[in-house]
Structures are given as structure tokens and as C-alpha cells.
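Data block below; observations after.
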Amino acid sequence: MLKRGTRPVLSNAYSRAGLIGTLAGAVFLAPALARPVQAFELFGIHLFGKREEAVVVSDPVHYELTLEAPGAESDLLETLQNASELYNGREDPVSGDLGVVVKARDDRERLIAALYENARYGGVVRVSVAGQDIDSLPPNPTFPRNRPVPVRVTVEPGPVFRLGHIHLEGEAAGRNPVDLGLEPGGEAGSLRILRAGERLVAAFRNEGRPLARLDRREVVADHATQTVDVTLAATGGPVAPVGSVTVTGTEKVDSGFVRDYSRLNAGQPFSPEDMKKAADRLRNLSVFSSVTIKEANALAPDGTIPVSIEVAEGKHRYFGFGAQMSTTDGAGLSGYWGHRNLFGKAETLKFEGSVSRLGETTDVTGLDYLAGVTFSKPGIFVPEARLDASIIAKTEHPDTYEANSITAATSITYELNDRDTVSGGGEIDWSKTTDAFGENEYLTVSLPVTAKRDARDNKLDPANGYTVSLAAKPSYEINGGTFFSSVEGTVTGYKGLGENNRVVLAGKGALGTLIGTDDLAKIPTTRRFFAGGGGSVRGYSYQEISPYNDAGDATGGRSYALASAEVRIKVTETIGVVPFIDAGTVSTEMVPDFSDIRAGAGLGVRYSTPFGPLRLDVAVPLNKYDNGTKYGIYAGIGQAF
């Protein structure tokens, strides 16, 4: 146990949950079992495998580029440079003299397209190689090799054109062009016009017309008025419901389960959004390496549209392992083995185990252990329901208490819609603990229920949206004959600012209370509230924030309040910085009295990866305990919340 005045001065809060090394071992190894991994680099450091060999260019010819765009503003010049392969590859040789010419001709088309994208329909691009216009060069030119071949590109941007007359014809007649992003006098970039045609077809398809098509797109630039007239003609086709749904590509996964779980049913209205959600739903099962859902090119004789689900199964068995190191808790090892398709309907079974505090103590009874097995069955009873069951045994030695526990739990989660889920189940927990109230044994039966709304735009790295959750856990502690219940609520919110959400404001608030008894000793130690660490108030060690008795022992509390705010700033496409501040309080009262608010602030670094951002945070307590933690270092995968 930790007494006030004896806390360590360095906190690595993920020593309990697993440092980045542990997570990386699991994440990197599991995909390797599904497909060959030949090489891997992290943060530009080559970790293992064979590097890709450099491309060998036959008959290498170097060129010297001059790219000019007189009169172009800085943003347009940057756009032209980004579009130019000559510019971006100016340090690399091309193959032969003809290679210079081919690259120059391709570049002219790229630059013209870039001008059109910026509504510069009167622009002119001139390209010369070795002082000669590329259109007058012979079929097989030769250039002196005593120096790089001079290539000159001159771009006259011309004026910005605006949209003029907009005509919608065919079944599109009568629709509002503004709904397609086209408005007379508005922006006339070529991409806007192309997307307008796509939006028109999408609008028909969203009306349940799967055979919608764009018949004609005509764009006429009037150089005298500097306007662009646009004509779009489309056919919507008939409204058709979903017909037969076929599944191909399954090997060990039941095809009927795939059809049912997709929730694409014959007779329902055709919807592109439903098709996308079905594909995402199947991918989230983790049993398929690829999922493709598409409709047929023609209606069936009964007027329905057939739909096909094409899948490719991945590896069903997987395992992972990892190691961790903490300055306060020593080293740790963890591993797991799992099966993603136990009985043929994407059931998952996972065994896991870990040991930590190696080196921190030589007494094997003082180590932290975890062993557990979890089982999950999606689509139980109905496609919207999932069964989860687990048995987990733990031996824990956090700074605030010691505990041995065995917990068996089962629950069913039901999807009300795409955002809202509810879950309920049962749990029985046995624990033997030593804490501020001495040595106690608890046997607790609980009936946890949870409701959650998840409206984030991205689960791994949200830029907009929010989450709301409310959980209650009515419980009965058998040994002491005590009824009590925990009630907790959490809200998170995200708001992206600037182009491509380069700045994201993120906030989190949480409240919790224990009702039913005023005697903290009758509530199992592991059910009382503590705060501090990477999951709550950074800058403090794990569970450091707590009420303390006169002897300086942490007692835990009956209520808590937490708040966090972050500004997530993208420095590059892969690197980000995150200044943050966290605050929290834990009270022995049923409602937080806010008499002892602890806050921490710091700076984090994020590195974007396909499986979520890698996170490293450093924080200091703004009002630390006497002889308490001076700073905390936290590492993990994914945002802090």
C-alpha cells in the first residue's frame, strides 16, 4: 500500500495496461500471420526485413528544370509544383533522351489539368527541351550529354472563370443545381463539375434507383465572358428493392451467417448507405481480409436488384506477445492466443496472460499476474445482438492496495441503430484485498447495464462528433450483506478546425457515484473510485488521486469528477503535437464536494499509423501531493480519449 509522503517520483501510467512495446508486439504480429511481412520500418528506422532495392534506370539522363508561372499567386504556384512530375522528380534521372520528352509531355497534360481544377480555362502551358518546343522535336531526339538536359516549363495561368448557365436535362431536369454544388457565378473548377455529376447519380441512387447513370456532361468555356456553361443529363432508372443476396468466397465461415449479419434483406429498399454499412459491419468481424458488396448491372425479372457479397477469409488463428518496462514497476511480459471463427459464425475465443513487476521485487508473490479467457459470439438470436463472456483472474499490487480477484461476467449488447447500443448482463466477483481498512474478502454479484451513443466520424482518431455513455452496476456484496450500485456517465466531444481538420479540439467529462452505503469498507476495494494516470489525470501516478485517512493511507472514494481538454495539432500528415490539461477530484461523499481538485498539464506527440496514432504524453501535476509524483510519462496506441 502507498502512504502519503512515500510516493515514487516517476510515473509511467501504462505499466498496468501495457506500454507501447506490449501493444506493438500484439498489433504488428497479428497481421503478420495473415500475410507475409517482408520488412518493417517505424519512425523511419528500419527494424527488420529486407529493404526494397532502389530502382535501376537504364541509360540514365539527368535534366535541369526551370518552372515559371508569371502572375500566379503563391497557392496556385504550389499547386502547379505539386502537379508537376518534372518538378517532384527533378533530382532523379530518366531513361534515355526519349524519357525526358515523354515526361515533359505528360507534365504538360498534368499542368493543364491543374489549371482546369483551379478554373483557369484560358491558361497556356509551354514546354521546351534543350531550347526546342516539345511539339517540334523529332520522334527519337538526342541531346548533348555533357550536362543535364535543360527543360523549361512556362505557365500562363490566365483569368479565373466563373460558372455561367447550368442546364440539367433528362430525368435530372427540374432539380436544383445548387444541391449539386453548382451555382451561376460560383466556382467553376473542373473537379467541382465532375463531382456535380457524381452527386447527381448519387442522388438518384439514394432514392432507391440502383441503375442511375450520367448520360452527358458538357462543359463550354466562353473566353469573352470568362464563364463556363455546364450541361448535365442523367437517367435515374426505376426504383427497385433488394432482390436475392448471394455470398461468395467463404471457406470456413457460414455463408448464411454472412448474409444474415450483413442485414441486407430481400425486399428492403435499395440504399447505397445500407450497402456501405453492411460492408463495414462484415469487416469489423475481423474474419475477412476483404469484403466487397455490389449490385447487379440489371434488374431481375421480378423488378428487384440482385446483390452480391464477395469475401476473402483471413487467418482465423492468431497470437501476440509483448514486453514492457517501467521505472517504477519493473519489467513485464504478456501474450495471447485467439481464434476468430471458432464454430463457423465468427465466434472469437481468446486466452491471455501476463506477469509484471519483474525486477521490482524478487518475491514471486509480489508480482502482478493476469490470466483470462474471453468468448464473443456476434449475431446471437438476432443479427443486432452480441454475446460476450469472460473469466479473468488477477493479482494486483498498485500503490493504493493489494488484491487477488477472480471475475466471471457475461453480457449481451444490442445495436439499436448505427450510433446507439445498450447492453446488460451478470457478473460475479471474488476478491481478497489489503488496503487502508485492513485485510478483507468480498464476494459480489452485479447486474451491469450500459447505454452508449457513438457519433464520432472516426473511431481511431476522431475529428468531429461525440460519444455519450451511461452505466449502472447494481451490486450485492454477499459476505457483508451490502447492497450498493455504481452509476457513471461520460461525454466526449470533438471539433475539427481548418483545412482537413489540421486542428482538433477534444474534450471529455466524466462523473461517477456509489450509492447504497456510507461505509467505504463494505464496498470492495476494486469498486471504489481512484483517479490519476493515463486514463484520467495525467501528471499523477496510477490511482494517486484519492481521499486519504489520518495514517496517510489511500481509501478510495464514493464519487469522482474528471475533465480533460486537448488541442490536437497536425504538424505534418503523420506527426502531431497535443497540449492538454486534465483535472479531477475523488470524494468520500456520494456527490463530489470539489474540496480537493487535482490538475495536470502537459504536451504530447502523435505519430499516425494505419491502426491509429501512436501516443507519447509527458505531464506534470499542477498541485502535486507532498512528496508525490513530479511528472508522468504515458505511452500507448490511439488518442487519450
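Can you compute the FRET efficiency between residue 113 and residue 577 using 1/(1 + (r/R0)^6), with r the Cβ-Cβ distance and R0 = 30 Å? Round to the nearest 0.05. Walk me through the intermediate numbers first.
Values: r = 35 Å, r/R0 = 1.17.
After rounding to 0.05, the efficiency reads 0.30.
Would you mind calculating the gained length between residue 607 and residue 443 on full extension (0.36 nm times residue separation, minus the Cα-Cα distance), in nm to one decimal? Mind dumping the intermediate values first?
Working: separation 164, 0.36 × 164 = 59.04 nm, distance 4.36 nm.
Contour length minus the Cα-Cα distance gives 54.7 nm.
Report, in listed order, any pair from 377/452; 252/377; 522/630; 350/508 with a Cα-Cα distance greater than 25 Å. Intermediate results must be reported in sequence, preceding the final value.
Working: 377/452 20 Å; 252/377 16 Å; 522/630 33 Å; 350/508 31 Å.
522/630; 350/508, as the Cα separations exceed 25 Å there.
Most exposed first by the Cβ proxy, i.e. fewest other Cβ within 10 Å, how do 550, 617 rank? Could you put the intermediate results ahead of the total?
On the way: 550 5, 617 25.
So the ranking, lowest neighbour count to highest, is 550, 617.
Find how much the distance from residue 567 to residue 191 grows on full extension, using 0.36 nm per residue of separation minus their present alpha carbon separation; answer in nm with one decimal. Provide the component values of the computation, followed by the final result.
Values: separation 376, 0.36 × 376 = 135.36 nm, distance 3.22 nm.
Going from the current span to full extension adds 132.1 nm.
Which lysines, if any, have their Cα less than 16 Å from the Cα of residue 294, not counting same-chain residues under 8 positions apart?
Those lysines meeting the cut-off are 276, 277.
Using the 10 angstrom Cβ neighbour count as an exposure proxy, how do 540, 63, 607 rank, fewest first? List each step's numbers first, then the result.
Details: 540 29, 63 22, 607 14.
In increasing order of surrounding Cβ atoms, one gets 607, 63, 540.
Measuring from the lowest to the highest alpha carbon on each principal axis, how far does the range 179-254 reach, largest first, in angstroms?
65, 27, 18
Towards the positive end of the charge dipole of the range 525-641, with charges on Cβ (+1 Lys, Arg; -1 Asp, Glu), say which of 632, 595, 585 has the farthest Cα.
Farthest along the dipole direction, towards plus: 632.
Each reported figure results from applying straightforward, stated rules to the coordinates on display, with no laboratory input. Everything numeric here is computed off the predicted structure, so don't read it as measured data. Note that each Cβ is placed from the backbone with ideal geometry, even for glycine, and that neighbours are counted across all protein chains shown.
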